[in-house]
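Q: Handing you this structure, nothing more for now.
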Amino acid sequence: MRLVIATCSVDYTGRLSAHLPTATRLLMVKADGSVSVHSDGKAYKPLNWMTEPCTLVEAPGRWVVSNPKGETLTITIDEVHAEVAHELGDDPGLQKDGVEAHLQELLAANPGSLEAGLTLVRREYPTDIGPVDLLCRDPEGRAVAIEVKRRGEIDGVEQLTRYLERLDLDGRLRPVRGIFAAQQIKPQARVIAAARNITCVEVDYDHLRGLDLGRLTLF
Amino acid sequence: MKLRCERDVLVDALGTAGRAVAGRSGALPVLSGVRLEVTGDHLTVTGTDLDLTITVSSMVNGSVDGVVVAPGRLVTDIVRALEPGAVTLETGDSESGDEDLRITAGRSAFTVRTHPAGDFPRLASPSGDAVTLPAEGLSEALRQVVRAASGEDSRPILTGVLMAAEAGGLRLVATDSYRLAVRDLPGAGAVLSEGQKVLVPSRALGELQRLLGSAAGGDVELRLGQHDATFGTGSVALTSRLIEGEFPNYRQLIPASYPNRLVVGREALLDAVRRVKLLARDATTPVRIALRPDGIELTVITTDWGTATEDVDAKYEGAEMTVAFNPAYLIDGVEAVPTDEVVLDTLDALKPATLRPTDSDDYLYLLMPVRVS
């Protein structure tokens, strides 16, 4: 990632013509070759940009970015105020359900918040139909499989039921009981869970994260 | 359908039933309407969002029997804006063949589109045997308890008020996990059989409290069904679905005894807390109470705004210490105590404290302190 703060003007020619008069701007050249021109405002959208594949040809006081479609971005630089380049490496991408993954992580660190005396055996405990979120042991040494969801609905109970069936086939774990943990559990999911002897536990995300420090609760 | 009645009668009926009308009708537009039914000289107005239903009965001058479902808020606003005096409501066919509701009074005339009456949900009649409670006692109990229920839907159980049979009487309990209110109504044991308990949404009981607050004396008729509860008072029937689920085991939260006891004037404490709370500009700033034999000192400290302190005369027996509370929750608890003086029992600065009246054990407000450095 190369960042250049410069006083510049920009001309685009292609499907139409556009001109940015002289001003101080941020020029961003990314590792994939794309070039974008930002002003000091708005959250994300550049004033002008050229996505890859494109070619940047630098000459003193003048950058010319062109692509195979014949579009050209000409940046005329009057003065460079700052320039920095940094290798960012691969990005892990956006985690669309980060709360659920974080809940699992927090509960793995503190399984006792689900039920007193639980100790973690393993996160993502493998079964032949996929990993169950947490496998724990209760104070009596019995195995407890825990499925963690942000919203507790029937699908999650069904999923945990399938894991319990598979885990019960393992003589080292049998009998395995289940805990269905979520920030909020729908009444229908509770009914099905109760019918299958699965314990439902609603968890407080803020509390687990320690964001309600100082706000003591009765239970 | 055609009727004629005084504007104020109609405003009362529409305003009361309209409180149950769905704010956002979602998939069922008809729920934004109120159902008006005329049978002889009898008008019933019903509003519902499927969780809460309010039906108001009024005597009117009915000309033509019939049913119409009209936009609740619009019709209420129209009727409320009319000149005082007689109002006529009459249904008729529009040019497009749909049914309209015509509202006329004096020189004003409105024609309003309606919802198909057949789309309005069929509401079950109140089930179960009726039992009677004194309205005044129930209203006071609701005032004391409903305030402690949670307003957050993320924990539906805590949005309800537990009604349970207790020692031959009726017990009401609510908690949002930061405070817990318990009120016993002795002698109201016929409502529930021993061991029976139901969880009624606090929103419904808040509406019931409003209704009872505007009624002088009288009784409340309660019918409990398997999935709903109906409260009847005067000409109004309020039906709410019950919340399913297990209420927290609140008994274990109430300490058996306390080593420290403060007795303080209710109004003096309320006034002082309200004053120092002016500096608590957000919901997380606590009020600290320094407990001393000669009285208490209230303090609110905020980094951005400054400091407020106030001394209040009080009788205190126990270890000197400072305990902090959410000021809004503290005010809620003190307000709910009906006596001139309030008892505040404490264990230490981090364990639940209890507010109660000086002369009875009917009411208890358990309040969790806030941890302060």
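The values are calculated or read from the model by the stated rules, or taken from the named source; none is laboratory data. The model shown is predicted, which means the values in this text are computed figures rather than measured ones. Using ideal geometry, Cβ is built from the backbone for each residue, glycine included, and neighbour counts are taken over all protein chains shown. All accessible areas refer to the heavy atoms of the entire protein, side chains included, with ligands and DNA or RNA removed. Shrake-Rupley method; radii C 1.70, N 1.55, O 1.52, S 1.80 Å.
Q: Out of B:279, B:253, B:262, B:238, I need the residue that is over 30 Å from residue B:131 (Cα atoms) and either out of contact with any strand residue (DSSP E or B) (no Cβ under 9 Å at 6 or more places or on another chain) or modelled with pLDDT of 95 or more (or both). Which one?
A: That would be B:262, the only listed residue that is over 30 Å from residue B:131 (Cα atoms) and either out of contact with any strand residue (DSSP E or B) (no Cβ under 9 Å at 6 or more places or on another chain) or modelled with pLDDT of 95 or more (or both).
Q: While we're on this one: Return the only residue of B:243, B:289, B:296 being hydrophobic (A, V, I, L, M, F, W, C), part of a loop (DSSP other than H, G, I, E, B) and buried (at least 18 other Cβ atoms within 10 Å of the Cβ).
A: The conditions single out B:243.
Q: Give me the pairs: first residue in segment A:194-219 and more than 7 Å from every other protein chain (Cβ to nearest Cβ) and at pLDDT below 80, second residue open to solvent by 90 Å² or more (accessible area, probe 1.4 Å) and not in a strand (DSSP E or B), beta-carbon distance under 8 Å, and six or more apart or on different chains, which are they?
A: From residues that are more than 7 Å from every other protein chain (Cβ to nearest Cβ) and at pLDDT below 80, the pairs are A:213/B:371.
Q: A follow-up question, please. Does any residue of segment A:134-147 turn out to be among the acidic types (Asp, Glu), open to solvent by less than 40 Å² (accessible area, probe 1.4 Å) and within 14 Å of chain B (Cβ to nearest Cβ)?
A: No, the conditions are met nowhere in segment A:134-147.
Q: Identify the residue in segment A:187-204 that is hydrophobic (A, V, I, L, M, F, W, C) and part of a loop (DSSP other than H, G, I, E, B) and, among all such residues, is farthest from the chain's Cα centre (by Cα).
A: Taking the candidates together, the pick is A:198.
Q: Identify, by number, the condition in (1) assigned to a strand (DSSP E or B); (2) among the charged types (D, E, K, R); (3) more than 26 Å from residue B:227 (Cα to Cα) that residue B:35 doesn't meet.
A: Exception for residue B:35: condition (3).
Q: Working only within segment B:333-346, note down all residues that are touching a strand residue (DSSP E or B) at 6+ places or on another chain (Cβ under 7 Å) and open to solvent by 40 Å² or more (accessible area, probe 1.4 Å).
A: Once the filter is applied, which keeps residues that are touching a strand residue (DSSP E or B) at 6+ places or on another chain (Cβ under 7 Å) and open to solvent by 40 Å² or more (accessible area, probe 1.4 Å), segment B:333-346 yields B:338, B:340, B:341.
Q: Determine whether segment B:211-218 contains at least one residue that is assigned to a strand (DSSP E or B) and either among the aromatic types (Phe, Trp, Tyr) or more than 17 Å from residue B:365 (Cβ to Cβ) (or both).
A: no
Q: Related question: What's the number of the condition residue B:270 fails, among (1) away from chain A (no Cβ under 14 Å); (2) farther than 29 Å from residue B:139 by Cβ; (3) open to solvent by less than 30 Å² (accessible area, probe 1.4 Å); (4) hydrophobic (A, V, I, L, M, F, W, C)?
A: The failed condition is (2).
Q: Turning to a different aspect of this structure: How about segment B:318-373: which strands (runs of 3 or more DSSP E) wholly inside it have at least 2 residues that are within 11 Å of chain A (Cβ to nearest Cβ) and at negative phi?
A: Fully inside segment B:318-373 and qualifying: B:321-325, B:363-367.
Q: Taking residue A:19 as meeting all but one of (1) open to solvent by less than 60 Å² (accessible area, probe 1.4 Å); (2) part of a strand (DSSP E or B), write down the number of the exception.
A: The single condition residue A:19 does not satisfy is (1).
Q: Return yes when residue A:159 is part of a strand (DSSP E or B), assigned by TED's automatic domain parsing to the domain that holds residue A:111 and open to solvent by less than 80 Å² (accessible area, probe 1.4 Å) and no when it is not.
A: No: the conditions fail for residue A:159.
Q: Moving on. Hey, among B:282, B:311, which residue is acidic (Asp, Glu), assigned to a strand (DSSP E or B) and open to solvent by 50 Å² or more (accessible area, probe 1.4 Å)?
A: B:311
Q: A follow-up question, please. Can you tell me which condition residue A:85 does not meet? The list is (1) open to solvent by less than 30 Å² (accessible area, probe 1.4 Å); (2) aliphatic (A, V, I, L, M); (3) within 27 Å of the chain's Cα centre (by Cα); (4) more than 23 Å from residue B:155 (Cα to Cα), and all the others hold.
A: (1)
Q: Might you let me know whether segment B:5-12 holds any residue that is in a helix (DSSP H, G or I), exposed (fewer than 14 other Cβ atoms within 10 Å of the Cβ) and among the acidic types (Asp, Glu)?
A: Looking for residues that are in a helix (DSSP H, G or I), exposed (fewer than 14 other Cβ atoms within 10 Å of the Cβ) and among the acidic types (Asp, Glu), one finds at least one in segment B:5-12, hence yes.
Q: Here's something else I'd like to know. Can you tell me which condition residue A:183 does not meet? The list is (1) in contact (Cβ under 8 Å) with a residue 40 or more places away in the chain; (2) closer than 30 Å to residue B:325 by Cα; (3) open to solvent by less than 40 Å² (accessible area, probe 1.4 Å), and all the others hold.
A: (3)
Q: Mind checking whether some residue in segment B:219-228 is at pLDDT 95 or above, open to solvent by less than 20 Å² (accessible area, probe 1.4 Å) and not assigned by TED's automatic domain parsing to the domain that holds residue B:324?
A: Scanning segment B:219-228 turns up no residue that is at pLDDT 95 or above, open to solvent by less than 20 Å² (accessible area, probe 1.4 Å) and not assigned by TED's automatic domain parsing to the domain that holds residue B:324.
Q: Further question: Restricting to segment B:50-87, give me the number of residues that are surrounded by 18 or more Cβ atoms within 10 Å (Cβ to Cβ) and among the acidic types (Asp, Glu).
A: Residues flagged as surrounded by 18 or more Cβ atoms within 10 Å (Cβ to Cβ) and among the acidic types (Asp, Glu) within segment B:50-87 amount to 0.
Q: Given the condition closer than 24 Å to residue B:19 by Cα and within 12 Å of chain A (Cβ to nearest Cβ), answer yes or no: does some residue in segment B:212-224 qualify?
A: no
Q: Another question about this same structure. Please find, within segment B:151-178, the residue that is nearest to residue A:206 (Cα to Cα) out of those that are open to solvent by less than 10 Å² (accessible area, probe 1.4 Å) and touching a Phe, Trp or Tyr at 6+ places or on another chain (Cβ under 8 Å).
A: B:177
Q: Residues being over 20 Å from residue A:156 (Cβ atoms) and either over 21 Å from the mean Cα position of the chain (by Cα) or not assigned by TED's automatic domain parsing to the domain that holds residue A:177 (or both): count how many of those fall in segment A:95-119.
A: Result for segment A:95-119: 5.
Q: I need a count of the residues in segment B:146-186 that are part of a helix (DSSP H, G or I) and within 14 Å of another protein chain (Cβ to nearest Cβ).
A: The qualifying residues number 5.
Q: Under the condition of being closer than 18 Å to residue B:265 by Cβ and touching a strand residue (DSSP E or B) at 6+ places or on another chain (Cβ under 8 Å), which residue from segment B:314-332 is surrounded by the most Cβ atoms within 10 Å (Cβ to Cβ)?
A: Step by step, filter segment B:314-332, then rank; the result is B:330.
Q: Looking only at segment B:77-96, decide whether some residue is of a type in the set (S, T, N, Q), more than 28 Å from the chain's Cα centre (by Cα) and at pLDDT below 95.
A: The answer is yes; a qualifying residue exists.
Q: Among what's in segment B:179-190 and is aliphatic (A, V, I, L, M) and surrounded by fewer than 22 Cβ atoms within 10 Å (Cβ to Cβ), pick the residue that is farthest from residue B:333 (Cα to Cα).
A: For segment B:179-190, the residue satisfying everything is B:190.
Q: Given the criteria among the polar types (S, T, N, Q), touching a Leu at 6+ places or on another chain (Cβ under 9 Å) and without any contact (Cβ under 8 Å) to a residue 40 or more places away in the chain, does residue B:104 qualify?
A: yes
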